[in-house]
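> Handing you this structure, nothing more for now.
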């Protein structure tokens with residue numbers, strides 16, 4: 001249990017290879033001759049603010065590839081594990097997944113975050129136990145910081161729930177006389193713990209802050225996390241009498257052990273409350289009726305827009321050789337060593353703008369590729385950089401056709417999302433790192449409501465408001481429950497593309513084994529220049545056959561933790 005002990009125990013008990021500085025973090029750094037103790041940290045609101053800043057820095061996850069003390073292995077997005085993408089670099093974690101070779105010895109997609117989540121949890125619990133006695137702290141400030149700690153603690157547990165299922169629950173800072181061998185709790189208990197923290201956090205947090213405090217938790221984000229958690233809990237992965245693999249007497253660690261339709265209604269109610277909470281806090285969809293071809297792009301490209309409920313505000317420099325840009329721009333542009341391209345399996349999810357039906361693709365290929373692309377949902381060109389499009393003024397036109405300078409490593413179209421169109425050697429706009437936004441809440445509501453009640457009017461309205469702001473027609477009336485389910489899932493794929501949602505959606509729906517999702521033949525597109533024409537010829541090909549084992553519906557725990565005899569490994573590893 002070295003990792004957890006290192007995150008929650010005093011320096012006197014550390015016996016791992018990590019130094020005290022590595023374990024405790026920089027918030028305990030001290031000037032010569034100055035002892036920094038709990039009393040020092042909680043001696044004034046100013047000192048508490050430093051501690052809170054560290055709690056956010058360690059505690060919040062990232063959806064874009066970043067490199068730093070608390071995200072050491074985040075070289076790329078999770079898109080490459082799914083039908084969303086194929087990463088440039090063969091050594092990146094997604095390729096382990098695609099080969100079905102994830103083991104308890106592998107780093108998977110989570111890198112070093114396992115260790116740092118326990119460090120962050122210690123910080124949250126320490127604040128909750130000490131904030132009441134801070135001299136000069138107002139009741140409002142005490143409540144706010146408690147709410148922030150509860151939210152971050154809940155978010156940390158949600159990030160572990162979706163990866164591992166049931167995990168050990170720590171609701172206080174452990175003391176030296178306590179046992180550190182805390183076993184895993186059930187899925188139900190972890191979900192309840194998260195939901196309770198979210199509910200309490202929402203009661204303590206303000207609805208909004210001054211603009212200079214964007215990036216701090218609000219009531220709306222606590223409700224949004226509650227919505228996300230209950231949607232996950234209601235989904236087939238956990239909401240089942242039969243888990244994805246038999247775990248014997250430990251099935252409650254990976255599922256509820258029963259299927260309860262009421263869980264969907266709870267998820268729907270939570271999503272509606274989150275939408276109302278977002279509106280109360282001044283958050284709303286970016287929805288300019290005169291800019292349907294730009295609304296979606298503005299959501300992810302413009303910092304602190306009205307739709308972003310919470311973003312990770314670490315210094316995300318937009319410079320070509322800085323993270324996360326280094327992991328977003330394709331290596332073939334010679335200003336980075338990252339990049340992701342989208343297989344046709346994912347591109348085919350973009351419907352035709354004219355009537356909302358699937359695009360018709362000739363299996364034998366054709367000479368009208370750009371015409372096909374031009375007919376798609378406007379979000380396609382606001383997300384992707386297909387052949388012939390402009391990446392930016394500095395990097396020029398995308399030449400991903402066979403023989404072009406950007407062809408190598410591209411299996412279809414290059415993913416442009418998150419990489420600003422305005423980037424240059426001198427212009428370095430910060431990259432958004434959006435953790436929660438309003439559109440997700442509407443899609444959560446539509447999905448949960450359909451599963452609970454069928455495709456009722458409110459479910460249609462929740463999806464259509466997302467589609468209409470991007471110039472897409474409303475869903476056709478008269479869909480069955482299963483048909484509506486398919487359309488909502490497709491809408492989530494398109495709207496939430498490359499936002500670290502697809503991997504978790506696929507697994508909670510238990511569809512990873514379907515061909516072209518996370519298993520089987522993955523389809524790419526080769527493009528060719530047509531002489532004396534501005535069009536391109538296309539043909540399909542299989543660029544990879546991926547392997548998905550049932551055990552991969554949940555992550556393995558790190559082997560070094562399992563060997564300490566307190567943590568039961570997930571089945572199949």
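What follows draws every value from the coordinates through simple rules; no lab data is involved. The model shown is predicted, which means the values in this text are computed figures rather than measured ones. Every residue, glycine among them, receives a Cβ derived from its backbone with ideal geometry; neighbour counts consider all protein chains shown.
> Rank-order 259-267, 340-348 by packing density, defined as the average count of other C-beta atoms within 10 Å over each peptide's residues, highest first. It would help to have the intermediate numbers written out before the result.
Details: 259-267: 17.3, 340-348: 24.1.
Highest mean packing first, the order is 340-348, 259-267.
> For the pair residue 260 and residue 456, how long in nm is the line joining their label points, each one 7 Å along Cα→Cβ?
So the two model labels end up 2.0 nm from each other.
> Compute the angle between helix 438-453 and the longest alpha-carbon principal axis of the chain, please, reported from 0 to 90 degrees and rounded to the nearest 10.
Helix 438-453 sits at roughly 90 degrees to that axis.
> Pull out a ≥ b ≥ c, the square roots of the eigenvalues of the alpha-carbon gyration tensor of segment 244-298, then state rounded if a/c is under 1.5, prolate if not and a/b is larger than b/c, and oblate in the remaining case.
It is prolate, given that a/c is not under 1.5 and a/b is the larger ratio.
> Taking only Cα atoms, what is the 0 to 90° angle, nearest 10, from helix 481-495's long axis to the longest principal axis of the chain?
80 degrees
> Right, something else. Multiply the residue gap between residue 371 and residue 390 by 0.36 nm, knock off their C-alpha separation, and tell me the result in nm, one decimal place.
Length difference between fully extended and current span is 5.2 nm.
> Tilt of helix 219-234 relative to the longest C-alpha principal axis of the chain, in degrees (0 to 90, nearest 10)?
Tilt of helix 219-234: around 70 degrees.
> By its C-alpha gyration tensor, with a ≥ b ≥ c as the square roots of the eigenvalues, how is segment 134-173 shaped: rounded for a/c under 1.5, else prolate for a/b larger than b/c, else oblate?
prolate
> Take the Cβ-Cβ distance between residue 105 and residue 245 as r, set R0 to 25 Å, and report the resulting FRET efficiency rounded to the nearest 0.05.
0.80
> If each residue's Cβ is checked for other Cβ atoms within 10 Å, how do 110, 422 rank with the fewest at the top?
422, 110
> Here's something else I'd like to know. Could you work out the helix-only [θ] at 222 nm for the chain, with each DSSP H run of four or more residues adding -39,500 (n - 2.57) and the total divided by the number of residues, to the nearest 500 deg cm²/dmol?
Per the formula, -11000 deg cm²/dmol.
> Please report the Cα spread of the chain along all three principal axes, rounded to whole Å, starting with the longest.
77, 53, 47
> If you find the alpha carbon centre of segment 112-167 and of segment 453-489, how far apart are they in angstrom?
37 Å
> Which shape class, rounded, prolate or oblate, goes with segment 474-526 when its Cα gyration tensor gives a ≥ b ≥ c as root eigenvalues, a/c under 1.5 marks rounded, and past that a/b bigger than b/c marks prolate?
Judged from the Cα gyration tensor, segment 474-526 comes out prolate (a/c at least 1.5, a/b above b/c).
> May I ask what percent, to the nearest 5, of DSSP beta bridges between residues of the chain are antiparallel?
Roughly 85 percent of the beta bridges in the chain run antiparallel, per DSSP.
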